[in-house]
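**Student:** First, the structure itself, so that you have it in front of you.
The values are calculated or read from the model by the stated rules, or taken from the named source; none is laboratory data. Everything numeric here is computed off the predicted structure, so don't read it as measured data. Note that we place each Cβ from the backbone using ideal geometry, even for glycine, and neighbour counts take in every protein chain shown.
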Amino acid sequence: MTVRIALTGPFPRSEVLVAATRDGDRGRATPEAVEARYAEAERDVVALEGRLGFDAVTGGSLRWADLFRPFAEGWRGFTVGPVTRWFETNTFYRQPILHAPPERVPGVVRGALPGATLVPPGQAKVILPGPFTFAGLLDNRSGETREALTHRFGRLLAEEVRDLRAAGYATFQFQEPLLVVDPPEGPLAEAAVAAYRDIGAAADGATSIVWTYFGDAVPVQPLLARLPVSVVGFDLAETEPDRIHAPPDHRGIGLGCLDPRTTLPEDPTEVARIARALQAEGKPRELWLGPGGPLDLLPTEAAARKLHVLPAAKQLLAPNGGSR
Amino acid sequence: MSGPLFPAQEIGSLAKPRWQLLGQRGEPLDAAAVREFTSWNDRVHFADASDPSVRALLEGRARELGPGPVRDLGASFALRYFECVGLTRVYDGEARRIEMYEYPIRQMRGFQFLGHVRSFDNKYYLKAAGTGEVRLERPYHVEEFDYVKAKATGIPKLPITGPYTLADWSYNEHYLGREAGWKGPAARRRAQREFVVAIAKHAIRPTLQALIEHGCRVIQIDEPAAGTHPEEADIVAEGFNAATEGLDATFSMHICFSDYRSLFPALLEAKNCQQWAWEFANRDTDERDGYEVLNMFREYDDHREVGLGVVDVHRNEVESAEKVADRIRRAAKILGDPSRIWVNPDCGLRTRSLDIAWQKLQAVVDGAKLARADFERAG
């Protein structure tokens, strides 16, 4: 079994970047000065990912105001809506308002990723909103049903994946908290499967990951097993590890083993124990370890401390790893 | 509840006037701030123009005055504002407070502030971790209560952040760290319960005791986080009980902008809560369906008072007195007992201008009068 480690969502902004963005908003810093702090912070995150030996690099999505903002601002059909609570957290996103069927604008996602000189595409993990969560969390005034919209986002994101594949990107993760917080049934569940069928076809040999978080995935496992992707990730703060079943087709499993709702670092030996149990049960081809949810629920130093658990757990899982 | 039906109460913070913000920073008041001060003083008579502090503020000498006397004036202003508009239960509009999390946590031991977390866009808040046993450094809000008590002609009602919210907005290192093995959902829930009860017992309760010793008799416990984790409503209730059990005061619980149905029936275990102060107007339509959730009290045979939100704090449009009266009538009909109703805005009015807030409070008071007259006529 191959063990890989990586970020699974946004990394928190550093205190320096916090101060810079505040100053920028208050007119106390120029846009150039704020941009310089962004670039510096992004380099720091990439360097941290490198030092920790991460198998895919994200740059921390520091410029993404929220999971949907590049799309709400860059694709056609949207406006940026009101501040809305982000699941059961004390953080918020601006709800996209969809006024017409959405249209992809090529280059928007690429423009929101770290530059290729900082993160070479072949080493990058591209983190995108999942089609089910995207369609479910926006304010849909487009006239399309949620089912149709879910499928449409699948097609649009598949186009995005194709373009990025052509540019050398090979690892794609789709954020799907809503799949476990408000699981779909009937036609809506079928729409989610259809959306991932399109994405899976576009991925064409690349790694495609569906990452679930903020909810218990146990009741949704049969649906998750139907999604034609390489890896399905679980948030272990919400899903009891001993209730996760490895998929029957030996595909990969993601273990969201860092809980971003507490600063308390996890124990790498516990993470390794859980991973071994899943390995014994289902023999997944690969195992991705990462934060269970968005790590930007933590201040930056606490988040960085937690990330050190990942290489330690990976080390323990190596064939000649540490003691059990 | 004795006395006239539908008494009105404040529910939270009020916008700080410009003169207070400038003055407490030591900056001289500009012409707009002086005008604001004098026009409100003409209306609610909160300051004696011959007082040396007032003269120093208005004459541009705020720096030599220092922030304390300016905050005193801010508290006096808000108190008189509420009294003059006709509220029965009043406070100082939280004139001395900036927020509701950091200040209480800084009065406690067992916490460590770790840095900023993004709320949204480029807005952040400072967040602490519970790293040890929770203990109170010193009771807080006591001095501000003393000031209000000395000045108030209405009944002071003190707002304080509740134990569940303080725990939920913090990281739980200490209690979660004591859990053995993998810290999954069950372990997190146990640790959350311990954390909430520890804050309630060892920090909120002694603060409430000190406030009561100083004469505080009406206390609103704010639990805005309660609505974000409905599955933990039982822990909210347990924290409330641990903080208030056996204490001699009237306690209410304010929760804003939630799906209240999801909190039933677990929240009803907050036995020492005499009043549920909730938001209703924000979700109301012309069909008055915003108040349908009150049916839950009938279904669960709960007969406590309701602090009825009758004006929306998120819109500038000022509700008419008739609309407010209609909302009260609807609520009274559902509850079956008009004497259980206090009226108030949905939440604090600090996001509205002082003029709009005044008009909204006037609608609350006037609407209550209309509804009261109806009930009195009906005998």
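**Student:** Looking only at the range B:229-250, filter to residues that are surrounded by fewer than 19 Cβ atoms within 10 Å (Cβ to Cβ) and under 15 Å from B:PRO163 (Cβ atoms); which one of those is nearest to the other protein chains (Cβ to nearest Cβ)?
**Tutor:** Taking the candidates together, the pick is B:HIS229.
**Student:** Among the residues of the range B:116-151, write down those that are more than 20 Å from A:ARG26 (Cβ to Cβ) and either within 9 Å of another protein chain (Cβ to nearest Cβ) or among the acidic types (Asp, Glu) (or both). Write out each step before concluding.
**Tutor:** Step one: list which residues in the range B:116-151 are more than 20 Å from A:ARG26 (Cβ to Cβ), which gives B:127-151.
Answer for the range B:116-151, where residues must be more than 20 Å from A:ARG26 (Cβ to Cβ) and either within 9 Å of another protein chain (Cβ to nearest Cβ) or among the acidic types (Asp, Glu) (or both): B:LYS127, B:ALA129, B:THR131, B:GLU133, B:GLU137, B:GLU143, B:GLU144, B:ASP146.
**Student:** Another question, if that's okay. Could you please tell me which pairs satisfy a Cβ distance under 7 Å, a separation of 6+ or placement on different chains, a first residue in the range B:166-184 that is at the interface with another protein chain (Cβ under 7 Å from one of its Cβ atoms) and within 22 Å of A:PRO299 (Cα to Cα), and a second residue that is assigned to a loop (DSSP other than H, G, I, E, B) and among the polar types (S, T, N, Q)?
**Tutor:** B:TRP169/A:ASN90; B:TYR171/A:THR262; B:TYR171/A:THR263; B:ASN172/A:THR262; B:GLU173/A:THR262; B:GLU173/A:THR263; B:LEU176/A:THR262
**Student:** Additional query: Return yes or no: is B:GLN24 free of Cβ contacts under 8 Å to residues at least 60 places away in the same chain, surrounded by 19 or more Cβ atoms within 10 Å (Cβ to Cβ) and of a type outside the set (Val, Ile, Thr)? If you could, list the steps in order and put the result at the bottom.
**Tutor:** Values: free of Cβ contacts under 8 Å to residues at least 60 places away in the same chain: yes; surrounded by 19 or more Cβ atoms within 10 Å (Cβ to Cβ): yes; of a type outside the set (Val, Ile, Thr): yes.
Answer is yes for this residue.
**Student:** For a quick check of your reading: which helices (runs of 4 or more DSSP H) sit entirely within the range B:112-229 and have at least 2 residues that are more than 15 Å from B:ALA242 (Cβ to Cβ) and of a type in the set (Val, Ile, Thr)? It would help to see each step written out before you state the result.
**Tutor:** Values: elements: B:142-151, B:163-168, B:174-177, B:185-199, B:205-213.
Ranges flagged: B:142-151.
**Student:** With the checklist (1) without any contact (Cβ under 8 Å) to a residue 40 or more places away in the chain; (2) part of a loop (DSSP other than H, G, I, E, B) in hand, flag the one item B:LYS16 doesn't pass.
**Tutor:** Failing condition for B:LYS16: (1).
Yes/no per residue for (1) modelled with pLDDT of 95 or more; (2) within 20 Å of B:THR131 (Cα to Cα); (3) within 14 Å of chain B (Cβ to nearest Cβ):
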position: A:PRO268; (1), (2), (3): yes, no, yes
position: A:ALA280; (1), (2), (3): no, no, no
position: A:LYS283; (1), (2), (3): no, no, no
position: A:GLY290; (1), (2), (3): yes, no, no
position: A:ARG305; (1), (2), (3): yes, yes, yes
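**Student:** For the range A:54-70, does any single residue satisfy the condition of being part of a helix (DSSP H, G or I), without any contact (Cβ under 8 Å) to a residue 60 or more places away in the chain and surrounded by fewer than 20 Cβ atoms within 10 Å (Cβ to Cβ)?
**Tutor:** yes
**Student:** Hey, A:ARG26 hits all of (1) touching a helix residue (DSSP H, G or I) at 6+ places or on another chain (Cβ under 9 Å); (2) within 12 Å of another protein chain (Cβ to nearest Cβ); (3) more than 13 Å from A:ALA304 (Cα to Cα); (4) of a type in the set (Lys, Arg) but one; which does it fall short on?
**Tutor:** Only one criterion in (1) touching a helix residue (DSSP H, G or I) at 6+ places or on another chain (Cβ under 9 Å); (2) within 12 Å of another protein chain (Cβ to nearest Cβ); (3) more than 13 Å from A:ALA304 (Cα to Cα); (4) of a type in the set (Lys, Arg) is unmet by A:ARG26, namely (1).
**Student:** Using the structure shown, decide if B:PRO345 is within 24 Å of B:VAL90 (Cβ to Cβ), modelled with pLDDT of 95 or more and surrounded by fewer than 21 Cβ atoms within 10 Å (Cβ to Cβ).
**Tutor:** Values: within 24 Å of B:VAL90 (Cβ to Cβ): yes; modelled with pLDDT of 95 or more: yes; surrounded by fewer than 21 Cβ atoms within 10 Å (Cβ to Cβ): no.
In short, no.
**Student:** Looking only at residues that are assigned to a loop (DSSP other than H, G, I, E, B) and within 13 Å of chain B (Cβ to nearest Cβ) in the range A:71-92, which one is farthest from the chain's Cα centre (by Cα)? So that I can check it myself, show each step before the final result.
**Tutor:** Residues of the range A:71-92 that are assigned to a loop (DSSP other than H, G, I, E, B), as a first pass: A:75, A:86-91.
From what is left, the residues that are within 13 Å of chain B (Cβ to nearest Cβ) are A:86-91.
Working: A:TRP86: 15, A:PHE87: 15, A:GLU88: 17, A:THR89: 17, A:ASN90: 19, A:THR91: 17 Å.
Looking at residues that are assigned to a loop (DSSP other than H, G, I, E, B) and within 13 Å of chain B (Cβ to nearest Cβ), I get A:ASN90.
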